[in-house]
Amino acid sequence: AGLTILTVSVGREGSCQFSHALRGKLLRLGDGSMSLPTSSLFRERERGLPPRVNQLDAERLHEEILDLLKQEVSGVFAYLPFGWLQKWSPEIDLFLRLLLWKYTVWRSAPSPADSVQNLTFDLERSCFIGSVGPSERSGRKRLPLNIRLLYALLHILLPWLLARLKQHLQNAEDPFPSSRHHQMRRPGLVTLRQVETAERVVEALSLVNLVAFLLQGRYRSLSSRLLGLQMREANPDVQRQISFEYMQRHLYWHSFTELLMILLPLVNLRALRLMAWRWASRASAKVREEIVRWQERVATLSGAQTSLKNGSGGAGLE
């Protein structure tokens, strides 16, 4: 229910009426008999739109999963010749993205990041270039074939081609313009400046799409807007649970590292080394003294035993 517009008259009577009305509304709000105003942000769940923060978190989590996979692959190929991993980095990224696409979008299933955020493809409200047909095996609805292929083209193939083209153009540029190779080189069809300009245009369009997404709640990325892909909640009954445990651990570790970075330059490592050396030398001297004492005690005990044996043997002979 919306808030009632209060008319405040001039003077003491008007101020008293306003204070009494405000106190009554606060009491009703505390009792739960009056609800807060429902704006467009609160009506998202009624329209079937998932929260914007879930969709943005899923996009970020998807990229972080790819980064983790790339780190694992880099660790596997760490002992190869120098420069090999950097040379084939676009192909490794292409393979990992194709692998995720094969087991998610190709099967019309949500990605691991979307599953964590309780998101899935909205096949009913999405504006596809084609019809949504049931699968032959499972019978459930699937994304159209052209949408799946265009998704792979926009998310996987085009970034790979752009990275390869940019790397090729950077290697083809001569750092010495007055050299003979630069004079004999023919201009190509595409220059590095044109590629960088195209990247800036895409970034600007992505920024415009982000603003539109924050206002409307649909099409979280530019490619999703081009393909007409929308997301919905996989299970509307699941409530969003916010856990600050990971954030607290990150803050603790970040504060600890900053403290070490501040304190370590102030520590005299040479003095600490001398103190450790003195402590180690004193401890070793004490250990040596204890060993010598133990050896002396053992020698005295053994001498006493031999003397007792000799004395008992002489008495028996007598």
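Checking the conditions here, which among Q71, Q55 is under 24 Å from L207 (Cβ atoms) and at pLDDT 55 or above?
Criteria check complete, one pass: Q55.
Kindly evaluate E196 against the criterion of being open to solvent by 90 Å² or more (accessible area, probe 1.4 Å), part of a helix (DSSP H, G or I) and of a type in the set (D, E).
Considered against the rule, which asks whether it is open to solvent by 90 Å² or more (accessible area, probe 1.4 Å), part of a helix (DSSP H, G or I) and of a type in the set (D, E), E196 comes out as no.
Enumerate the pairs (first residue in segment 290-306 and part of a helix (DSSP H, G or I); second residue anywhere and surrounded by 10 or more Cβ atoms within 10 Å (Cβ to Cβ) and not aliphatic (A, V, I, L, M)) with beta-carbon separation below 8 Å, excluding pairs fewer than 6 apart on the same chain, so at least 6 apart or on different chains.
Filtered contacts from segment 290-306: no entries.
So R97 clears everything in (1) modelled with pLDDT of 50 or more; (2) farther than 30 Å from K166 by Cα except one condition, right? Which one?
(2)
Give me a count of the residues in segment 76-106 that are open to solvent by 90 Å² or more (accessible area, probe 1.4 Å) and aliphatic (A, V, I, L, M).
1
What residue, among those in segment 209-257 that are in a helix (DSSP H, G or I) and basic (K, R), is surrounded by the most Cβ atoms within 10 Å (Cβ to Cβ)?
Restricting to residues being in a helix (DSSP H, G or I) and basic (K, R), the top hit is R225.
The values are calculated or read from the model by the stated rules, or taken from the named source; none is laboratory data. Because the structure is predicted, anything quoted here is derived from the model rather than measured. Glycine gets a Cβ as well: all are built from the backbone with ideal geometry, and neighbour counts include every protein chain shown. Just so you know, the surface numbers come from the protein's heavy atoms only, side chains and all, with ligands and any DNA or RNA stripped out. Shrake-Rupley method; radii C 1.70, N 1.55, O 1.52, S 1.80 Å.
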